[in-house]
Amino acid sequence: MNSYGVAGVASEAIEELGHRVRDLIETLAYNLKMPKQPRLCETALTLDVDPRWLPILRNTLKRRTQAFIAAINEDLHNLKMRRKGSATPPVRIGLSVFSFEDEKVGVTWAPTAARPRAKLKKRRADS
């Protein structure tokens, strides 16, 4: 059997890439199948950043993400939520955060996730 690789890229990095892509694709597919019970999939986006500000924005995103992930890790590893003598299989749950950048010269676009969501109407209890 042939084996393929990328020069200078560790196989562990390729495996990690596969895991993250799988998690994202499975979340998106699940949300298509189960729109009334979607999994978390949110995007914060701007289309008009001066490239001179990118180092500052990258640093801000990194610091805030690290603090957020630290708090989420505490929640996910809470001993109260561990299975104890259950016959049901364990469930893997997590949260991935990544940033993206690209130059779109002369192109304007906005993915669905970046558009404002419609506000849900409140239902009255007596109706």
Quick one: what does P(r) look like for segment 1-101 with 5 Å bins over all Cα pairs, in whole %? 2, 8, 12, 14, 18, 18, 13, 7, 5, 1, 0, 0
Once fully extended, how much extra length lies between THR27 and ALA67, figured as 0.36 nm per residue of separation less the alpha-carbon to alpha-carbon distance? 12.0 nm
Beyond 18 Å, what share of the Cα-Cα pairs of segment 19-65 remains, rounded to the nearest whole percent? 52
Ranking request for peptides 29-35, 46-52: highest mean number of other beta-carbon atoms within 10 Å first, then the rest in descending order. 29-35, 46-52
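Throughout, read-outs are computed from the coordinates displayed, never taken from laboratory work. Computed from a prediction, not measured in an experiment: that's the story for all the values here. Cβ coordinates were reconstructed from backbone atoms using ideal geometry, including for glycine residues, and neighbour counts include every protein chain displayed.
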